[in-house]
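Notes follow the structure.
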Amino acid sequence: MATEQNDTKARKIQPRTLAMILSIIIPGLGQIYNRRFLKGCIFLIVTISFLVTTWNFIDIGIWGLFTLGTIPREHHSIQLLIQGLISLIVLGFGIAIYIYNIKDARSDAIARELKRPNPTLFQGMRNFYDNGFPYFMILPGLLMLLFIVVVPLLFMLALAFTDYNQYNAPPRNLLSWVGFQNFVDLTKIDIWKNTFLSVFSWTIVWTVVATTLQIVLGLFLALLVNDPRIKFKRTIRTFLILPWAVPAFVSILIFSALFNPTFGAINRDILSQFNVMIPWLSDPFWAKVALIMIQTWLGFPFVFALFTGVLQSVPRDMYEAADVDGGTRWQKLRHITLPHLLFATAPLLIMQYAGNFNNFNIIYLFNEGNPAVRGQNAGGTDILISWVYKLTFESNNYNMAAAITIIMGLIISVFAFFQFRKTASFKEEGRY
Amino acid sequence: MAMSRKKKSRIEVTFIYIFFLVMFIIIGYPLFWALMMSLNEGSNMLVTDLLPKNPTLEHYKWLFTSPNSDYIIWYKNSLYVAVVNSVGSVIITSLIAYAFSRYKFVGRKYGLYMFLLLQMFPALMGMVALYILLNTIGLTDSLYGLMLIYLGGQIPFNAWLVKGYFDTIPKELDEAAKIDGAGHLKIFWTIMLPLAKPILAVVALFNFMAPFMDFLLPRIVLTSPEKYTLALGLYNFINDQFSTNFTRFAAGSILIAVPIALVFLLLQRYLISGLTSGATKG
């Protein structure tokens, strides 16, 4: 290899550089220079057809992304925005092919410099299939992921920097980029500031309290059922998992009726015995209490089942060693069982927190985020995501909804970061 | 000394059983209440009884026989979406997971990070754009549009789950097969898929049940009642006039909750082992 390079250094331009330059100028040309005519032609045809079919679309898309249209009623800012985002993705694919073409020209030229024989057509196809195989496998999923998950999220990201709301909506009006104005409004304008602060703090309280309660209850029950003195373990387990097995929307709606102040059984049949009437749906405090109780009911079985599964894998001899040393039950729990359980399930527990942070269903189905609160435009039990839903689908404050979505996204990324660090799969990635 | 310890232990066990009993009541009461509501006559919730004097199946009958009831259509719609979603998600995610578990390629690591991050973002966040996209390709108010969103949205979580499981299958197996001359697809088909059956069953089950439980996406995508899925249809029973239709809602819910709960209880062991092996062992 080293001598080969010394030989070729003498020449002015190495073939590999020349092939690369040719392919940079016109994709396929470098391949033709390498005497790989069929491949060159294919690259050329792919390039031409790519440009012919997408040039117009990308051109308008990119222009639209920057300007969001210039003529009201004729240009639809939202459609232009989406077209722009899709253009970026199509462009990304184009650039990937382009770079592949350049790299390919270079590696073929190197092979020719080394006097390796050109592969036959069959061999070439085979190599292409081998090297491209993982890409073929992920392509269908990747495309769906891009259009169904990534483009919509990018779109929300973009909306946060526009002035798209009920009064300023296409096709009647054009949108424009407003920079960080929406975020400034969120902290400066009173109604937004107050609402944001109260919704945000309730979201945090909700996430922490509800999730922690369901984990603690699940853990406690798992330890109890695992006690060797307890009989009928299977039956008890099955019963305890029941709330998980019933579709959540059904249970939440049942609870919503149970807590209903006029006909709900909790006030009418149970609390009336003690002459207590609690305004479960109309008082924000009691609505929050009810929500946390319901979520604990809904969420503990998953944690319970998880811990029950992991408990079987705690090594027996560790307990035996602790017994020899005269360890108390509490010490065994504290130093053997808990570390083992938490280590094995940490990523899933983090996901429980993330799940409740985004738990739209329970908030919306229980009480639609109500009761209303004076001086703010979200209900008393609204968490960030249900507030975003209302802003989007009820009051059409798209720009503010998007800005709040971005803040949520940042918080979720923190969850994700912890999960990266806790997930064992990533620690083993070193083998690649 | 020995006697008192035994006594203490017995008291402890009694308390544990009492605690279980309390939990059973807390778990069972709402479900039992809903069941009893569905057997109450009429639809006036103010006069319902926990133990109805004349238990009746009229609400169940109404669901299936009344010309005003779309229950069977909703059931069919849900089943259709569920089957497609279940089969489609297994195909798409196992292909992705195979590539990520067994091949080295550009963007692999970032792809994994992307999955892990995206699985935490609820589909709701991008709903506006999704609706507009569906609208441009004419798939709003269509079950196909709904399937498309389900199929795309499940990828990050499930690809991650299945990839984790594939990683636990020894690489020596496919290397041995490669030496015997098996191609990429053959290894995938004859080695990976059969060995990964438990996790694929979990993915299939999850995605089969999702359309029965989700009401939000259908609510945004579907508008005409004959396209509704069960969850959305039932939600609308009580959404408009809450107190008037709850008995009917209870009957309809029980008919989907019972089969789902049964399947779930039968299969939950695999679910748990799949989740823990995928997420922790890698």
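The mean number of partner chain beta-carbon atoms within 10 angstrom of a residue's beta-carbon across peptide B:86-93 is 2.
Peptides A:136-144, B:265-273, ordered by how many other C-beta atoms sit within 10 Å of their residues on average, highest first, read A:136-144, B:265-273. Which one of B:Leu195, A:Phe420, B:Leu124 has its Cα pushed farthest toward the positive end of the charge dipole of the protein assembly as shown, where Lys and Arg give +1 and Asp and Glu give -1 at the Cβ? Checking the options against the dipole of the protein assembly as shown, the answer is B:Leu195. Using a simple spin-label model with pseudo-atoms 7 Å out from Cα toward Cβ, B:Glu226 and A:Leu139 lie 3.9 nm apart.
What the phi angles of segment A:70-83 give under the Karplus curve with 6.51, -1.76 and 1.60, with θ = phi - 60°, is a coupling list of 10, 10, x, 6, 8, 9, 9, 4, 5, 5, 4, 4, 5, 4 Hz, glycine and proline written as x. Couplings for segment A:319-333, taken from phi via the Karplus curve 6.51 cos²θ - 1.76 cosθ + 1.60 with θ = phi - 60°, read 5, 4, 4, 5, 4, 4, 7, x, x, 7, 4, 4, 5, 5, 4 Hz in order; Gly and Pro are left as x.
Do any of A:Lys231/B:Lys8; A:Lys332/B:Lys171; A:Lys39/B:Lys163; A:Lys193/B:Lys109 go past 29 Å between their Cα atoms, and which? Among A:Lys231/B:Lys8; A:Lys332/B:Lys171; A:Lys39/B:Lys163; A:Lys193/B:Lys109, the Cα-Cα distance tops 29 Å for A:Lys332/B:Lys171; A:Lys39/B:Lys163; A:Lys193/B:Lys109. Using θ = phi - 60° in the Karplus curve 6.51 cos²θ - 1.76 cosθ + 1.60, the 3J(HN,Hα) couplings for segment A:261-267 round to x, 8, 10, x, 6, 5, 6 Hz; x is entered for Gly and Pro. Database remark: amide H of A:His76 closer than 5 angstrom to no amide H (H placed geometrically; neighbours at sequence offset of 5 or more, or on other chains; Pro and chain starts carry no H). Extending 7 Å from Cα along the Cβ direction at B:Thr65 and again at B:Met114 yields two label points whose distance is 5.6 nm. If R0 is taken as 51 Å, the Cβ-Cβ distance between A:Val209 and A:Asn168 corresponds to a FRET efficiency of 0.85. What FRET efficiency would be calculated for the residue pair A:Ser395, B:Leu193, taking the C-beta separation as r and a Förster radius of 56 Å, to the nearest 0.05? Here the calculated transfer efficiency is 0.70.
Here, P(r) means the percent of Cα pairs in each 10 Å bin from 0 to the largest distance; for the protein assembly as shown it is 3, 12, 20, 23, 19, 12, 7, 3, 1, 0, 0. Placing R0 at 60 angstrom, the Cβ-Cβ distance between A:Leu197 and B:Val258 gives a FRET efficiency of 0.85 after rounding to 0.05.
What shape does chain B have by the C-alpha gyration tensor, where a ≥ b ≥ c are the square roots of the eigenvalues, rounded means a/c under 1.5, and otherwise prolate means a/b greater than b/c and oblate the rest? Cα axes put chain B in the oblate bin. Spin-label model, A:Arg421/A:Ile407: points 7 Å from Cα along the beta carbon direction are separated by 2.5 nm.
Any read-out appearing in this document is the output of simple, stated calculations on the displayed coordinates, not a laboratory observation. Small disclaimer: the values here were computed from a predicted structure and weren't measured. Every residue, glycine among them, receives a Cβ derived from its backbone with ideal geometry; neighbour counts consider all protein chains shown.
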